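Structure record follows, encoded as structure tokens.
Readers should treat all values here as calculations from the given coordinates under stated rules, not as data from a laboratory. Please read these numbers as outputs of a predicted model, since none were measured by experiment. Positions of Cβ are generated from backbone atoms using ideal geometry, with glycine treated the same way; all protein chains shown enter the neighbour counts.
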Amino acid sequence: MKHNMFNAKILFSVWAICVFSSCSSTNEKSTKAQGTSVTPTTNPSEAAADESLLQDTLSQANTSNPSVNEEMYKETSQLSGKVQTGSIYWTLNEAIKSQSDDLIMKEASQILLKTPGDLRALNAMAMSSYRKGRYSLSRYLLNKAKQLHPNSAEVYSNLGVVDLAVGDKRSAILNFKKAIQLNSDDSVAAANIGSLYVRERDYSKAWVALEISYRKGLRDPKVLNNYAIALAANGKYDKANEIYDEALRLQPSSKEILFNSAVLLIEQMKKYNEGLDRIQKLKFTGGPADSKNKIIALENKAKAGLK
């Protein structure tokens, strides 16, 4: 259900983030996931081209590598949810921590040369490719991972991120929904689909999705901004105000959050003094693009309300 928004324009945040496979057990559930699946968009000729690109990438990533220590390819050992030193994923996890895409590609490719269907390696290489702008290769790797590991919520969530990058919102929503279906605790997928619903002004669905991400502890200021927008659009003004305050504690100088908070306080809650405090901060930091006239209008309304 869509709701009319406030008189002043609300600024939402598009929030998309990729997720790497966690360090939990590599064993997949044997039961095939039920529900709607997303049909891969790659046709046979594109698949052949992507497979060739993958082989080139694997070759390039390992061109100057020393011989691989066979001890690295033993089963993953679990110690309180952490990968033990010397396991197959230790160096890949360290590469992910370093945020070096070249190193991630190198370590993931070494695993894939030994185990072509490895979920973590496919996922890691796919999202490194995504950050490099190689969306076709990223989607190919994720579709391959999806076929081999149909119960991985992270794969569907990351497919949604790639879909957003290429402008396929419909497919992104389907993939984020599938991720949440497979893992109801997937706060990242919930935040991403919530941001899409906010952009489409479908605030009831946005509220439901962003409530999941908030309940699961996700506290990114952009996600909080979207959550507050959805709450306010559904008439939950007090809760929206609390969320804006929380977001501003994390990011006090955010122009978008300050502006949206001022709109809520002045337009909806009639808390003019608090709204004027937000306006004064906006004057100091500078408002969002094309918001000057709206800020003046909000200030005038608040001052008139105090007379």
Each label sits 7 Å from Cα toward the beta-carbon; between Ser98 and Val208 the label points are separated, in nm, by 4.4
Pairs over 19 Å Cα to Cα, from Lys239/Lys271; Lys132/Lys178; Lys114/Lys144; Lys255/Lys307, come to Lys132/Lys178; Lys255/Lys307
Final fewest-first order of Phe284, Phe259 on the 10 Å Cβ neighbour count is Phe284, Phe259
If the chain between Ile296 and Gln181 were fully extended at 0.36 nm per residue, the gain over the current Cα-Cα distance would be 36.9 nm
By Cβ neighbour count within 10 Å, fewest first, Asp186, Asp238 rank Asp238, Asp186
Length gained, Arg215-Lys132, 0.36 nm per residue minus C-alpha separation, equals 26.7 nm
